[in-house]
Amino acid sequence: MRDIVGEDGRISMRLATLTETLVIKKIKVELTSTIKRIVRDLKPKARSRPCSLILEGDWDSTIHVYATELSIHDIFENILDNAIKYSFSDRVIQISLFKKGTDVRISVTNHGIGIPEKTMKKIHEREFFTRSNVQDPIRDDRTGTGLGLVMVQDELDMCGGILMVESNPPPQNPLVIFAVSANMNGSLPPLSVRP
C-alpha cells in the first residue's frame, strides 16, 4: 500500500510492502495494438499542445509479451503523457519499435526541456518525485504529482521489463528518450537505450 502524506501541500510517498508482496499473474499481452490504442487516445492532447505523435518501426507485426494489459497501458500512457507534457511546441514525438530475436524495445523520444544530469542520477530512486524537480519558467501549467516514473518502474519490475532513460537538456540538442525493453519469453533483455 502507498502512504501519501501532504503536510505542507506537497506530496510525499513511502512505498510499503504491498508492491513487494503482490503477486501479478502475467499473461500473453499483444503489445503493438495496446500501444497503438494509447497513441490514438492521446493524439487529441498532443494536438492541443501542439505536437505530433509518430509511430516508427514495424507496428503491423504482432508482438506478445508476458505482462498484464493494465500494466502495459499504465507504463506507456505515463511515458507518452510526460513526453507530450514536457515537449516543446510544434515538435514530433517518436514512438519507435525495435525487435531482435525475442527481445523487444519501445522507445519514446521527445524534444523538450530535458532532464538535468543531477536528476538523471536519482530517477530510479523510490523517494524521487520528478514533478518537484521540473523547472520550466516558460510553462508552469503542467499537472501531475510527479509519481509517474516511480509507478512505471514498479510496473516494469513486476512484469520483468527494464526502463532506460537518456537525456540531453538544453542548450544541447534537447531530447529525452525513454526506452522500455522486454523479452517475449518473459526473461530480461540486455540493457541499452538505443538498438
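The condition (being surrounded by 11 or more Cβ atoms within 10 Å (Cβ to Cβ) and either at pLDDT 90 or above or of a type in the set (A, V, I, L, M, F, W, C) (or both)) is satisfied by just one residue among Val92, Val5: Val92. One residue alone among Thr32, Thr62 is modelled with pLDDT of 85 or more, of a type in the set (Ser, Thr, Tyr) and surrounded by fewer than 13 Cβ atoms within 10 Å (Cβ to Cβ), and that residue is Thr62.
Just checking, does segment 116-126 include any residue being modelled with pLDDT under 90 and of a type in the set (Val, Ile, Thr)? Among the residues of segment 116-126, at least one is modelled with pLDDT under 90 and of a type in the set (Val, Ile, Thr), which makes the answer yes.
If the condition is being touching a residue at least 40 places away in the same chain (Cβ under 8 Å) and either within 12 Å of the chain's Cα centre (by Cα) or not in a strand (DSSP E or B) (or both), then segment 94-108 contributes Ile95, Thr102, Ile106, Ser107, Val108.
When you scan segment 109-129, do you find a residue that is surrounded by fewer than 17 Cβ atoms within 10 Å (Cβ to Cβ), of a type in the set (Phe, Trp, Tyr), farther than 21 Å from Lys26 by Cα and in contact (Cβ under 8 Å) with a residue 40 or more places away in the chain, even just one? Scanning segment 109-129 turns up no residue that is surrounded by fewer than 17 Cβ atoms within 10 Å (Cβ to Cβ), of a type in the set (Phe, Trp, Tyr), farther than 21 Å from Lys26 by Cα and in contact (Cβ under 8 Å) with a residue 40 or more places away in the chain.
Suppose we keep only residues that are assigned to a helix (DSSP H, G or I) and buried (at least 18 other Cβ atoms within 10 Å of the Cβ) within segment 35-59. Which one would you say is farthest from the chain's Cα centre (by Cα)? Result: Ala46.
The residues on offer are Met158, Met151, and the sole one that is aliphatic (A, V, I, L, M), more than 19 Å from Asp81 (Cα to Cα), at pLDDT 75 or above and in contact with a helix residue (DSSP H, G or I) (Cβ under 8 Å, 6 or more places away or on another chain) is Met158. Scanning segment 109-122 for residues that are assigned to a strand (DSSP E or B) and hydroxyl-bearing (Ser, Thr, Tyr) yields a single hit, Thr109. Is there a residue in segment 81-92 that is among the aliphatic types (A, V, I, L, M), assigned to a strand (DSSP E or B) and within 17 Å of Arg40 (Cα to Cα)? Yes - at least one qualifying residue is present in segment 81-92.
The values are calculated or read from the model by the stated rules, or taken from the named source; none is laboratory data. Quick caveat, the model's predicted, so the values are computed rather than measured. We place every Cβ from the backbone using ideal geometry, glycine too, and count neighbours over all the protein chains shown.
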